[in-house]
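Colleague: What follows is a single structure, and I will ask about it in a moment.
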Amino acid sequence: MEDTLTDSPAAPTPAPDTDHQLPPDDVAAIDELGKTYAAFKAELAKAIVGQDDVIEKLAICLFARGHALLMGVPGLAKTLLISSVAQTFDLTFSRIQFTPDLMPADITGTDIIQETGVGGKREFEFVKGPIFANIVLADEINRAPAKTQSAMLEAMQELKVTVLGETYELKPPFFVLATQNPVEQEGTYPLPEAQLDRFMFLIEVDYPNAAEEKEIARSTTGTARASLNHLLDGEKVMAYQSLVRRMPVPEHLYDYAVEIVRKTRPALPEAPEWVRDYIAWGAGPRAVQYLILGAKARAALHGNYMASLEDIQSVAPSVLGHRVLTNFAAESQGMSSKKVVERLIKEMSDS
């Protein structure tokens, strides 16, 4: 079976968008989602200063049923942001601190021997690990070895874990929100490309501006912070996820998504000459799927009833940045994957 997004039980294939008119119930639901998103941002503002773009991309992943990887140097509140997002949902939450000695059983759980209370008889009982939560914070995910990452990979893609030959289903909604430090290399393991591809977005967390930094100093050095209120439960989250899947997409946006992804593949004739010079490996089919899903979710969050070109262009750097592998020539000239995607978007807009 081909290993793509549609193979996952967490992401069923949506029906083709042949009708660009949403039914009245869906229109009302999108209006409701827009208000909920505004309340979500207002609630997070109690704990997080700025980072509006990061918050929007996290919300897109949540309602598109995708996982997110936050990349940024220490001290930019990546962990605080994820835990604050979890507080706004009436969902179970767990944090896994990844370390070089972390084992798969530390994530998935394991069988332990328990007394049954009948004649001193003992039997194995499975004790669930922290992966059995709706929202899982995988902190510094690149610090764990490959054996442990394989357990995460199965959970992210298949919505299940396997322990000692037994398979256990994870209860939806299920999100992995991971953090990674891009500068520290000691004691880290590069994430396999296959696992990176399971993350819908790579979200770059940048430094705050001067005004935001001043507000951070003011708000975090005084009295205790306000607690955050629950806005959505699991049932409502899944209803909004289904709504996002029903969002109509014009045919030309499917063409655009396919075209920009195929342009990242240096072996194809569609790739520009400069892409062949800078790119070692291009994005796969999952990138096309996430471009469309991301555009649908962004349109819904902004109160629009149809995805637009602006929506795809907005999510493209986060979808493609970690799926495009640059070569030495690109690195020597400061041409990052993000810059490659931005140049492709500009060239396609100008053509």
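The values are calculated or read from the model by the stated rules, or taken from the named source; none is laboratory data. Keep in mind it's a predicted model, so treat the numbers as computed, not measured. Every residue, glycine among them, receives a Cβ derived from its backbone with ideal geometry; neighbour counts consider all protein chains shown.
Colleague: Restricting to the stretch 282-321, and then to whatever is in contact (Cβ under 8 Å) with a residue 60 or more places away in the chain and among the charged types (D, E, K, R), can you tell me which residue is surrounded by the fewest Cβ atoms within 10 Å (Cβ to Cβ)?
Modeller: ARG286
Colleague: Kindly indicate whether any position in the stretch 241-256 is closer than 17 Å to GLU43 by Cα, surrounded by 16 or more Cβ atoms within 10 Å (Cβ to Cβ) and assigned by TED's automatic domain parsing to the domain that holds LEU81. Give the derivation first.
Modeller: Step one: list which residues in the stretch 241-256 are closer than 17 Å to GLU43 by Cα, which gives none.
Checking the stretch 241-256: not a single residue is closer than 17 Å to GLU43 by Cα, surrounded by 16 or more Cβ atoms within 10 Å (Cβ to Cβ) and assigned by TED's automatic domain parsing to the domain that holds LEU81.
Colleague: Restricting to helices (runs of 4 or more DSSP H) lying wholly in the stretch 230-343: which have 3 or more residues that are of a type in the set (Ser, Thr, Tyr), at pLDDT below 95 and closer than 21 Å to GLN21 by Cβ? Give the derivation first.
Modeller: Working: elements: 234-245, 251-262, 273-278, 285-301, 309-320, 328-332.
Counting at least 3 such residues, we get no helices (runs of 4 or more DSSP H) at all.
Colleague: Is it true that some residue in the stretch 173-186 is in contact (Cβ under 8 Å) with a residue 24 or more places away in the chain, closer than 30 Å to GLN114 by Cα and not small (Gly, Ala, Ser)?
Modeller: yes
Colleague: Name the one entry in ILE96, ILE107 that is of a type in the set (Val, Ile, Thr), in a helix (DSSP H, G or I) and either on the phi < 0 side of the Ramachandran plot or modelled with pLDDT under 90 (or both).
Modeller: Values: ILE96 fails: in a helix (DSSP H, G or I).
Every option except ILE107 fails the conditions.
Colleague: Conditions first: (1) surrounded by fewer than 19 Cβ atoms within 10 Å (Cβ to Cβ); (2) touching a Leu at 6+ places or on another chain (Cβ under 8 Å); (3) not basic (Lys, Arg). ALA144 passes all but one, so which condition is the exception?
Modeller: For ALA144, the exception is condition (1).
Colleague: Out of all the residues in the stretch 18-26, is one or more under 26 Å from PHE199 (Cβ atoms) and either in a helix (DSSP H, G or I) or at pLDDT below 85 (or both)?
Modeller: Applying the first criterion (under 26 Å from PHE199 (Cβ atoms)) to the stretch 18-26 yields none.
Scanning the stretch 18-26, I find no residue that is under 26 Å from PHE199 (Cβ atoms) and either in a helix (DSSP H, G or I) or at pLDDT below 85 (or both), so the answer is no.
Colleague: Which pairs do you get when a residue that is closer than 16 Å to ALA59 by Cα, found in the stretch 217-240, comes within reach of a residue that is in a strand (DSSP E or B) and among the acidic types (Asp, Glu), reach meaning Cβ atoms under 6 angstrom, with the pair 6+ apart or on two chains?
Modeller: HIS230/ASP90; ASP233/ASP90
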